[in-house]
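A.B. asks: Would you mind keeping the following structure in view while I ask a few things?
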Amino acid sequence: MNEPFRDELDQLRARSLLRHLHEIGSAQGPSVELVGQHLVNFSSNDYLGLAADQRLRAAATHAIEQFGVGAGASRLVSGTQSPHVALERAIAKWKNLPAAIAFNSGYAAAVGTLPAVAGKNDVIVLDKLAHASLVDGARLSGASLRIFPHNHLGKLESHLEWARREKPQARVIVVTESVFSMDGDRAPLREIVELKSRFQALLLLDEAHAVGVLGASGCGLVAEEKLSADVQMGTLSKALGAAGGYICGSASLIEWLTNRARSFIYSTAPPAAVAAAAIAAIEFLQRPEGEDRRRALWKNIELLHQLLVSQTNRKPESAIFPFVIGQENDAMSFACALQKEGFFVPAIRYPSVPRGSARLRITLTAAHTESQIRALVDSIRRLQPIIRGSLTPLSNAKAEKG
Ligand SMILES: *Cc1c(COP(=O)(O)O)cnc(C)c1O
């Protein structure tokens, strides 16, 4: 008798799509210990190098002393401890919005929020490259889904026209990201805000990869472009170096989510220590040191852009640099070859990206040194012709707009 899932796993392996875990025996940072190998780490979303920062460690340790580890119950029962309340106030103040609600993760924020704000009579209009958490949340809501090609304003507009014509009573929600997680490019936010206003739709904007990286105090693309979004989503687990997700917006939106977001209601509150660490990160971002850290990140971004993508006169848009290779096995070979040279750069494959667009995804942090970045580029240049004759490096400004 065949062991269940064995055939399926063999098929994944044959297509170079099998995934496995890499065990890291150290704190996160610009270099990590991977089972006996010391690697320069270009795989993490710890953009500001806060994940192992002394201030966050101290805040978490202090909170553990005071509040213990487990929260004991869901937020609405008896799991709301003072750091949870302080965190939500800190997020709202930092974002300059009336209220915020914190979730166990960004994933939980998405799958809790979309079904709370849209139901089967409503319409969700989603960018094709939106993160899996947004896709799952949209599906779970039961709303009619309309997908527009990545950043395609014309198709977005026709979906909004369709929604207004066919479903005049529906709530219509446009869902997109400010910085796209696998391509590193930005949404044309001004035009999207203009369209959603014209069609009286709401905008849910996921700032997961923009927070800490863009805008004054690392507040995200909304801040950088001086715009607004009805439902602002983000994560505390990337640039903020802690864990958890949040939604920010009007007081009634947040009260509604407190009453209706199932991932918030039916899950035990995260440890108070994690909330305390996130507060320390938000405070750091708003101090001059936070601005310095962001400038250091952008200096690294400019350097890698200049070394790897410079042919175009486009500007880098984020800390994410996809290096599109195409075939899954080629991307895997390239990642393995880089690992042998001491670099941890993940090969991103289907289903995280479309089939046949496998890529190396290089992420930079403020904590990388210039020599680490130069050494990575030297290795890529040296390995490129060996792995595959012609590669098309995709600048993080590549995707066509509008
Ligand atoms: C990482 C990510 C999430 C999920 O956030 P977690 O806190 O890691 O669960 C949501 N949206 C986007 C765009 C992301 O990149």
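A.B. asks: State, as an integer percentage, the relative contact order of the chain based on alpha-carbon contacts under 8 Å between residues 6 or more apart.
C.D. replies: 23 percent
A.B. asks: Same structure, new question: Can you give me the % of accessible surface on the chain that is carbon or sulfur? Probe 1.4 Å, all protein chains present, nothing else counted.
C.D. replies: With neighbouring chains kept in place, the figure for the chain is 52 percent.
A.B. asks: How charged is the neighbourhood of residue 376? Take every other residue with its Cβ under 14 Å from the Cβ of residue 376, and add Lys/Arg as +1 and Asp/Glu as -1.
C.D. replies: Around residue 376, the surrounding residues sum to +2.
A.B. asks: Also, I was wondering about something else. With a 1.4 Å probe and all protein chains kept in place, how much accessible area does residue 350 have, in Å² rounded to the nearest 10?
C.D. replies: The accessible area comes out at roughly 70 Å².
A.B. asks: Something else now. How long is the gain from residue 375 to residue 268 if the chain were fully straight, where each residue apart is worth 0.36 nm and the alpha carbon distance is subtracted?
C.D. replies: 34.1 nm is the gain from fully extending residue 375 to residue 268.
A.B. asks: Considering only lysines 8 or more places apart in sequence, or on different chains, count the pairs in the chain whose C-alpha atoms sit under 12 Å apart.
C.D. replies: Number of lysine pairs found: 5.
A.B. asks: How much of residue 182 can a 1.4 Å solvent probe reach, expressed as accessible area in Å² and rounded to 10?
C.D. replies: The accessible area comes out at roughly 40 Å².
A.B. asks: Would you compute, from DSSP H runs of 4+ residues alone, the mean residue ellipticity of the chain at 222 nm, taking -39500 (n - 2.57) per run and dividing by the full residue count, rounded to the nearest 500?
C.D. replies: About -13000 deg cm²/dmol.
A.B. asks: Next up: How many angstrom separate the Cα center of segment 343-378 from the Cα center of segment 45-102?
C.D. replies: Distance between centres, Cα-based: 30 Å.
A.B. asks: Follow-up. I need the phi-derived Karplus couplings for segment 251-266: 6.51 cos²θ - 1.76 cosθ + 1.60, θ = phi - 60°, integer Hz, Gly and Pro marked x.
C.D. replies: Per-residue couplings from phi come out as 4, 6, 4, 5, 5, 4, 5, 4, 8, 10, 7, 5, 5, 7, 6, 9 Hz.
A.B. asks: Now for a separate question. What accessible area per residue comes out for segment 61-117, rounded to a whole number of Å², with a 1.4 Å probe?
C.D. replies: Value returned for segment 61-117: 46 Å² of accessible area per residue.
A.B. asks: Alpha carbons only, please: Rg and Dmax for the chain, in angstrom.
C.D. replies: Answer for the chain, Rg first and Dmax second: 21.3, 64 Å.
A.B. asks: Heavy atoms only, 1.4 Å probe, whole protein assembly: order 336, 219 by accessible area, highest first.
C.D. replies: Ranking 336, 219 by accessible area, largest first, yields 336, 219.
A.B. asks: Ordered by packing density, taken as the mean number of other Cβ atoms within 10 Å over each peptide's residues, highest first, how do 265-275, 60-70 rank?
C.D. replies: Most protected by this proxy first, the peptides run 265-275, 60-70.
A.B. asks: State, as an integer percentage, the relative contact order of segment 143-254 based on alpha-carbon contacts under 8 Å between residues 6 or more apart.
C.D. replies: Averaging sequence separation for qualifying contacts and normalising by length gives 18 percent for segment 143-254.
A.B. asks: Given H placed 1.01 Å from N in the peptide plane, which residues other than close sequence neighbours of residue 105 have an amide H under 5 Å from its amide H?
C.D. replies: For residue 105, whose amide H was placed from the backbone, the distant partners under 5 Å are 245.
A.B. asks: Between residue 260 and residue 327, with labels modelled 7 Å along Cα→Cβ, what's the label distance in nm to one decimal, could you check?
C.D. replies: 5.0 nm
A.B. asks: In whole Å, how far is the Cα centre of segment 158-181 from that of segment 5-29?
C.D. replies: 36 Å
A.B. asks: Going highest first, how would you order 364-375, 11-22, 97-108 by mean Cβ packing within 10 Å?
C.D. replies: Highest mean packing first, the order is 97-108, 364-375, 11-22.
A.B. asks: Then there's this: Quick one: check the C-alpha center-to-center distance for segment 270-335 versus segment 110-155, whole angstrom.
C.D. replies: If we compute the Cα centre of each part, the gap is 26 Å.
A.B. asks: What residue among 337, 210, 130 has the largest mean-square fluctuation in a Gaussian network model of the chain, using Cα springs under 10 Å?
C.D. replies: With Cα springs under 10 Å in the chain, the top fluctuation among 337, 210, 130 is at 337.
A.B. asks: Report, for the chain, the % of DSSP beta bridges that are antiparallel, rounded to 5.
C.D. replies: 55 percent
A.B. asks: Simple spin-label model, 7 Å along Cα-to-Cβ: residue 61 to residue 13 in nm?
C.D. replies: Distance between label points: 4.4 nm.
The values are calculated or read from the model by the stated rules, or taken from the named source; none is laboratory data. Note that the structure is predicted; figures quoted are calculated from it, not measured. Counting neighbours? That spans all protein chains shown, and the Cβs are built from the backbone with ideal geometry, glycine included. To get the accessible areas, we keep the full protein, side chains included, count just its heavy atoms, and leave off ligands, DNA and RNA. Shrake-Rupley method; radii C 1.70, N 1.55, O 1.52, S 1.80 Å.
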